[in-house]
Structure formats: C-alpha cells, structure tokens
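First comes the structure, then the notes that go with it.
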Amino acid sequence: MSEIIPTITAYTPDEYAQQMETLASFAPRLHIDITDGDFAPSQTINLNQVYWDRSDVLHQIDLHLMVRRPIDWLDQIVALAPDLVIFHAESNESHATLPRMFEHLHRFEINVGVALLPETDPDDVREIIASSDHVLIFGGHLGYQGGEADLSQLGKIATIQSINPNAEIAWDGGADLNNVAQIAHAGIDAINVGSAIATSDDPRVSYLHLCDIITTKL
C-alpha cells in the first residue's frame, strides 16, 4: 500500500511555520526538504530553523538533505532526531562513507535513506542501497517544487528491490492528481507530494483526494 507524504519546502522561517502548521494538522507523515544552495541551486531554511512538535507521536518526520557534504550535518541531525534522514548518492561523500554514516545514525535509532537523481543507475551505488532503510527515486527538478514528473525513473524500482528487498521505495518529483496512481501502482511505497498539495486552494482536501486515488484506482 502506497502512502502520500506532503512535502515542506520553505525558504524563510515564516514559510516553514505556516507550512508545518497547515500540513501537520491532517498528515501523519511529513517530508522536509533542506537544500544548501550548492548541491541544489536553491537554498531553503537550514537545520537550525527546523522544528516539530516532539510530543506528537502521530507524526513521522523525514528529512531530505540535498546538500554537498552531508557528513558536516551529522551532529544537527542527531540533535533533531528525525524518524528518517535521506542523503543523496551524488553528494561529495564516497560510496564507502555514506554506509558508515548510516551505521552512526542507526545507533541513535534514526532510519537512513539514499536519494538517486535521474542520472544515477542503482547498480552503481549498490553498497549504499544495501545499507539503506529507504531509497528515494528522484524524478523532478532538484531543489524546487512543481514541474513534470519523469516517470521513466520508475524503471529503477526492480533493480532497487533486487539489491535491497526490505527497503522502503519512495518517489519525489512532480507527483499530482494525473500521475499519482501510476506512480503508486508501479511499486512505490511512499510518494512525496509538494506543490499539488501546498499550492492548492485547500491542502487538506487535495491530500485526501490523492490518498483516495492511490487506494481506489487500479
């Protein structure tokens, strides 16, 4: 069964507070984008400005770090204690370093994931995928909400499953009312949705509509 996860992409603390308040009022799991203005062309708020209600056990928080040197962010991640943190295979960390970082975060009961940009072949990062709890297939425009989904990236699912059959497989990029059923039924477990929820007239209604589509359309 697939899951719809609203995405927070905020460029100011006020935007973050508004999006968090709105989305946390109806969604049990949230995906927070963090970019450094280097790995991704845009720059969001930084981890020092990220927060959530730690007393609310109903929410799962996923951090997606689109950053050049994720190892520099480890202490902040541990302090925040998200449920899941996702790094990019294309960052400056070596293919050996990321699995060691994953081991470190697992000691703090933080699940770890790897995101793959369109040009990255899963076979080329097998060691990282094998060490991950979560693999995110990126089919959009790095660092921005909106745009079209590159659905050809769904072809990576079979390879990922063969490398790590226990990993949750996620999608990020351009998911909307027109394609979310295809994404879900291709074998994606978690679908991160940005503008299709955040920029709608009623984000809650849009979220529920997307949830209904993936459970009813075959």
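The values are calculated or read from the model by the stated rules, or taken from the named source; none is laboratory data. The shown structure was predicted, so the numbers you read here are calculated from the model rather than taken from an experiment. Cβ sites come from the backbone with ideal geometry, for glycine too, and all protein chains shown count toward neighbours.
Descriptive notes on the structure:
- For residue 72, the criteria (1) modelled with pLDDT of 95 or more; (2) in a helix (DSSP H, G or I); (3) acidic (Asp, Glu) hold in every case but one, which is (1).
- Among the residues of the stretch 49-63, at least one is of a type outside the set (A, V, I, L, M), within 21 Å of residue 196 (Cα to Cα) and in a strand (DSSP E or B).
- The stretch 88-171 holds helices (runs of 4 or more DSSP H) entirely within its bounds, and those carrying 3 or more residues that are within 20 Å of residue 75 (Cα to Cα) map to 97-106.
- Positions within the stretch 25-38 being surrounded by 13 or more Cβ atoms within 10 Å (Cβ to Cβ) and more than 16 Å from the chain's Cα centre (by Cα), in sequence order: 26, 37
- Within the stretch 45-65, considering residues that are of a type in the set (A, V, I, L, M, F, W, C) and modelled with pLDDT of 90 or more, the one nearest to the chain's Cα centre (by Cα): 63
- Which listed residue is modelled with pLDDT of 95 or more and either hydrophobic (A, V, I, L, M, F, W, C) or over 23 Å from residue 18 (Cβ atoms) (or both), from 149, 198, 130: 130
- Test result for residue 196, within 18 Å of residue 117 (Cα to Cα), buried (at least 20 other Cβ atoms within 10 Å of the Cβ) and either aliphatic (A, V, I, L, M) or without any contact (Cβ under 8 Å) to a residue 24 or more places away in the chain (or both): no
- Where residue 87 falls short, out of the listed (1) surrounded by 14 or more Cβ atoms within 10 Å (Cβ to Cβ); (2) of a type in the set (Phe, Trp, Tyr); (3) over 14 Å from residue 136 (Cβ atoms): (3)
- Some residue of the stretch 1-17 being assigned to a helix (DSSP H, G or I), surrounded by fewer than 20 Cβ atoms within 10 Å (Cβ to Cβ) and modelled with pLDDT under 95: no
- Residues that are buried (at least 19 other Cβ atoms within 10 Å of the Cβ), over 15 Å from the mean Cα position of the chain (by Cα) and of a type in the set (Ser, Thr, Tyr), drawn from the stretch 132-161: none
- For the stretch 135-175, the set of residues classified as of a type in the set (Phe, Trp, Tyr) and out of contact with any Gly (no Cβ under 8 Å at 6 or more places or on another chain) consists of 144 only.
- Test: residue in the stretch 24-36 that is within 26 Å of residue 183 (Cβ to Cβ) and assigned to a helix (DSSP H, G or I): yes
- Residues satisfying the stated conditions in the stretch 134-146, i.e. modelled with pLDDT of 70 or more and either closer than 21 Å to residue 3 by Cα or in contact with a helix residue (DSSP H, G or I) (Cβ under 9 Å, 6 or more places away or on another chain) (or both): 134, 135, 136, 137, 138, 139, 140
- Residues that are assigned to a helix (DSSP H, G or I) and not β-branched (Val, Ile, Thr) within the stretch 187-197 comprise 195, 196, listed in sequence order.
- Residue count, the stretch 172-186 (criterion: under 16 Å from the mean Cα position of the chain (by Cα) and assigned to a helix (DSSP H, G or I)): 3
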